[in-house]
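Engineer: Quick one: this structure, given as structure tokens, is what I'll be asking you about.
The values are calculated or read from the model by the stated rules, or taken from the named source; none is laboratory data. Everything numeric in this text was worked out from a predicted model, so none of it was measured. We place every Cβ from the backbone using ideal geometry, glycine too, and count neighbours over all the protein chains shown. Areas reflect the complete protein model, heavy atoms only, side chains present, ligands, DNA and RNA absent. Shrake-Rupley method; radii C 1.70, N 1.55, O 1.52, S 1.80 Å.
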Amino acid sequence: MTVFANVEIAPGDSALGELVAPDTDSVYRVPFVLCSDSSVVLYAFVGDEGSGSAVESLRNSASVTSVRVVDHVASSRLVTIAVPLRPESPMEHLARSDVEIVEAVGTAEAWLFRVRAPARDSIRELAQRGGEERDVLRVGRVFEPTSGSERVEAALTPQQETTLRTALDCGYFRVPRETSLKELSEELAVSDSAVSQRLRRGTGALLSAEFGTANRDR
């Protein structure tokens, strides 16, 4: 059974702690996180007011590998921040665990992560891996999805959710159909076959979650 958990990493993990100056009220809102073998990439929103100096400050930080502005959303800039994974650090324990980071919020006091795991055992293993650093990595509330949005998050991969939402917004499921696979593929910048696969697997995952059957084609 898919579960969610709140994980807190204190500024002692300096690779993250150095991103937010201790004497500021800065907040990083991170809707998407990617982890690789050597680094973690945060997709963070930075307010347009003073964003230029904030981005420049990040680029000058010794704890940041790269910074790139990828989009403007409302009054904010969406920025990618690549941070190296330091051996045996709490962030490395989180990145190497059997959980998926859903979103994060970073402040001078702590970094808070919402994570998704295939079972409670995965959360217990994460807590055990960080056991020697309980003052730096803490696992908080563990809960099962209850609301509609949480059930969607639990059932779908991020790519499937994005594809299904785009298809719904563009009228793909209306009768008569108002868009095609080709148009969706251009909108999402992926191939026709990738769109078709995500739609089929995403729809199957939602139906499996709704009717309580096993979904083996994720």
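Engineer: Determine, yes or no, whether Val70 is at pLDDT 80 or above and either within 17 Å of the chain's Cα centre (by Cα) or open to solvent by 60 Å² or more (accessible area, probe 1.4 Å) (or both). Break it down stepwise before answering.
Structural biologist: On the way: at pLDDT 80 or above: yes; either within 17 Å of the chain's Cα centre (by Cα) or open to solvent by 60 Å² or more (accessible area, probe 1.4 Å) (or both): yes.
Against the criterion (at pLDDT 80 or above and either within 17 Å of the chain's Cα centre (by Cα) or open to solvent by 60 Å² or more (accessible area, probe 1.4 Å) (or both)), Val70 qualifies.
Engineer: Looking at the range 47-61, is at least one residue at pLDDT 80 or above and in a loop (DSSP other than H, G, I, E, B)? I'd like the intermediate steps shown before the answer.
Structural biologist: Restricting attention to the range 47-61, the residues satisfying the condition of being at pLDDT 80 or above are 55-61.
Checking which are in a loop (DSSP other than H, G, I, E, B) leaves us with 60-61.
Checking the range 47-61: at least one residue is at pLDDT 80 or above and in a loop (DSSP other than H, G, I, E, B).
Engineer: Across the range 189-201, what is the total count of residues that are modelled with pLDDT under 85 and within 13 Å of Gln160 (Cα to Cα)? Reasoning before the result, please.
Structural biologist: Applying the first criterion (modelled with pLDDT under 85) to the range 189-201 yields 189-190.
From what is left, the residues that are within 13 Å of Gln160 (Cα to Cα) are 190.
Of the residues in that region, 1 qualify.
Engineer: Please go through the range 72-123 and give me each residue that is in a loop (DSSP other than H, G, I, E, B) and more than 14 Å from Gly17 (Cβ to Cβ), ordered by number. Spell out the reasoning first.
Structural biologist: Start the filter on the range 72-123 by keeping residues that are in a loop (DSSP other than H, G, I, E, B), which leaves 74-75, 85-89, 97-99, 107-110, 118-119.
Selection gives Ala74, Ser75, Leu85, Pro87, Glu88, Ser97, Asp98, Val99, Pro118, Ala119.
Engineer: Follow-up. With the structure loaded, tell me whether Gly17 is at pLDDT below 75 and either buried (at least 19 other Cβ atoms within 10 Å of the Cβ) or touching a Phe, Trp or Tyr at 6+ places or on another chain (Cβ under 8 Å) (or both) or whether it fails that test. Spell out how you get there, then give the answer.
Structural biologist: Working: at pLDDT below 75: yes; either buried (at least 19 other Cβ atoms within 10 Å of the Cβ) or touching a Phe, Trp or Tyr at 6+ places or on another chain (Cβ under 8 Å) (or both): yes.
Taking the combined requirement at face value, the residue satisfies it.
Engineer: Sticking with this one: Which of the residues spanning the range 123-145 are at pLDDT below 85 and open to solvent by 100 Å² or more (accessible area, probe 1.4 Å)?
Structural biologist: If the condition is that a residue be at pLDDT below 85 and open to solvent by 100 Å² or more (accessible area, probe 1.4 Å), then Gln128, Arg129, Glu132, Arg134, Asp135, Arg141 are the ones that fit.
Engineer: List every residue pair whose Cβ atoms lie under 8 Å apart, where the two residues are 6 or more positions apart in sequence or sit on different chains, the first residue falls within the range 184-206 and is part of a helix (DSSP H, G or I), and the second residue, located anywhere, is surrounded by fewer than 17 Cβ atoms within 10 Å (Cβ to Cβ) and basic (Lys, Arg).
Structural biologist: Asp192/Lys182; Arg201/Arg218; Ala205/Arg218
Engineer: Is it the case, given these coordinates, that Val30 is at pLDDT 85 or above, among the aliphatic types (A, V, I, L, M) and assigned to a strand (DSSP E or B)?
Structural biologist: Details: at pLDDT 85 or above: yes; among the aliphatic types (A, V, I, L, M): yes; assigned to a strand (DSSP E or B): yes.
Answer is yes for this residue.
Engineer: Name, by its number, the condition in (1) surrounded by fewer than 17 Cβ atoms within 10 Å (Cβ to Cβ); (2) at pLDDT 80 or above; (3) of a type in the set (S, T, N, Q) that does not hold for Ser97.
Structural biologist: (1)
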